[in-house]
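Let me begin by presenting the structure, written as C-alpha cells, before commenting on it.
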Amino acid sequence: MKNRISVLITFYNQEEFVDQTLQSVVDQKTDCGVTILIGDDGSDDSTREKVNEWIKRYPEHIKMFVMERGREECIPGFRASRNRLNLLKNVETEYFIFLDGDDRFDYAGKLKKQIEILDDPVNRDCIACGHNTDRLYPDGKRLPVTSPELKEGKYGAAEYWENLYFHTDSLLIRSSVIPKIDAVLLDNCFNDNLITFSVIQYGKIYYLPYSWAIYTQTGNGIWTSDKTVVNQIRNMFMIDLCDQINPSMKKETKKRLKHTWYSLYKIRKQINSEELVEYSKEALDKKMGNSYKWIHYNELSLPVKCMLCAKALLLNWKICIKETFRLK
C-alpha cells in the first residue's frame, strides 16, 4: 500500500506522551499508507528510547531525526522551528500533517476523511483540510479551540487570517507547498500561526467542524512557559514576518495582531534588551524593524518612542477609550 501521508511529530523531553501520541497515529484507518517522521529536539529523558521501541515494531513506517544539543543556551521556539523545517525536508509523500509530541489524534478516521476531501476534484483549490481540536486541561476539562458554530466549508486566506484559528495539528496539507515555504526567512519562527500563514498563501482551507484531535494543556509549551515580554516580542516577529511574506495582507495581519502593539505599549518599561539579545539578533538579521524597535524601546529617542506608542494606541483606540472611562 502506497504511503501518501507523512505525520511529522516533534518531541522534546516528552517521555510520558510518546506512547499515546504514536498510538493515535498508528490507529488511523486509511486507504493508503502513513509514514511517521519524528524530530527529537535533543531530549535527555527516555523519549528517544521509547521512540526506538516503536521503530522496532514499525521499521518501515517510522523514522527519527535527532537534533543534538550543545552547551549553548537554546531558544525553545527557534529550535522547535528548525526541528519542524528539518522534518519537512524529509517528506516524500503527497500530504503531510504536523503533530506536537504531547498532542494526539482523537478519531481513527480523521486522516481518511481529510484525504478524501483533498482528493475530490471540486476541492483542488484547497491547500489543506482542517478540523476542530479540543484543549485538554489537567482536570480533564475539554474545550474546543475553534468556535463550534463555525460551519463546514472552504475559507480563503483573507477570511481565515482576519477572523479564524484552526490548530496546526489539525491541518492535512498538500506537500506541493513545501518548496514554496521561505525556510531561510522562517528558520527560527516556523511555528503555529506562521505555519498556517505560509500555507494559506497557496490555497483555501477546507474546514470540518469536528473535534478530532487533542491539544494537551501542560503549561510547558513555547507560549505558556515564556515571559510576557518574550511572548509579545514573538507576536511582533509574526507581524513583521507576515508583512514580508505577503504585504498585500497587511490589513488582515494588523487586525489579527493589533493587540500585540497595545500589549507591548503597556509593558514597554519592562522591556530589557539585555535579556533579549538573541531576539535582537534575529530581528536585525531578518529585517524586522518593528520588532527591533520594541526590543530596544528604552534606548530609543523620544520621538521614535512617541511614534511607536501612538501607533499602538491608534490601532487599539476602542480599548483605550474603554480603559479611560472605566468606572473605578
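Suppose we filter 107, 12 for residues that are touching a residue at least 12 places away in the same chain (Cβ under 8 Å), of a type in the set (Phe, Trp, Tyr) and over 24 Å from residue 234 (Cβ atoms); which single one remains?
107
Of the residues 135, 174, which is under 14 Å from residue 98 (Cα atoms), in contact (Cβ under 8 Å) with a residue 40 or more places away in the chain and of a type in the set (Lys, Arg)?
On inspection, the qualifying residue turns out to be 174.
Suppose we filter the range 235-286 for residues that are within 17 Å of residue 198 (Cβ to Cβ) and assigned to a helix (DSSP H, G or I); how many remain?
Residues of the range 235-286 within 17 Å of residue 198 (Cβ to Cβ): 235, 237-250, 252-253, 256-257, 286.
In the following step, the residues that additionally are assigned to a helix (DSSP H, G or I) were identified as 235, 237-245, 247-250, 252-253, 256-257.
Within the range 235-286, residues that are within 17 Å of residue 198 (Cβ to Cβ) and assigned to a helix (DSSP H, G or I) number 18.
Looking at this structure, is residue 26 buried (at least 21 other Cβ atoms within 10 Å of the Cβ) and either modelled with pLDDT of 95 or more or under 20 Å from the mean Cα position of the chain (by Cα) (or both)? Outline the logic, then answer.
Values: buried (at least 21 other Cβ atoms within 10 Å of the Cβ): no; either modelled with pLDDT of 95 or more or under 20 Å from the mean Cα position of the chain (by Cα) (or both): yes.
No: the conditions fail for residue 26.
Output yes when any residue across the range 308-323 is part of a helix (DSSP H, G or I), modelled with pLDDT of 95 or more and aromatic (Phe, Trp, Tyr), and no when none is.
No - not one qualifying residue is present in the range 308-323.
If residue 47 satisfies every condition in (1) more than 27 Å from residue 175 (Cα to Cα); (2) surrounded by fewer than 17 Cβ atoms within 10 Å (Cβ to Cβ); (3) of a type in the set (S, T, N, Q) but one, which is the exception?
(2)
Quick one: what pairs do we get from the range 23-43, first residue farther than 13 Å from residue 104 by Cα, second surrounded by fewer than 20 Cβ atoms within 10 Å (Cβ to Cβ) and of a type in the set (Ser, Thr, Tyr), C-beta under 7 Å, 6+ apart or different chains?
From the range 23-43, the pairs are 35/93.
Residues in the range 59-77: is at least one of a type in the set (Val, Ile, Thr), at pLDDT below 95 and surrounded by fewer than 20 Cβ atoms within 10 Å (Cβ to Cβ)?
Yes, because at least one residue in the range 59-77 is of a type in the set (Val, Ile, Thr), at pLDDT below 95 and surrounded by fewer than 20 Cβ atoms within 10 Å (Cβ to Cβ).
With the condition kept exactly as written, say whether any residue in the range 219-237 is touching a Lys or Arg at 6+ places or on another chain (Cβ under 8 Å) and over 24 Å from residue 262 (Cα atoms).
No, the conditions are met nowhere in the range 219-237.
The values are calculated or read from the model by the stated rules, or taken from the named source; none is laboratory data. What you are looking at is a predicted structure, and each value in this text was computed from that prediction instead of being measured. Positions of Cβ are backbone-derived with ideal geometry, glycine not excepted, and every protein chain shown enters the neighbour counts.
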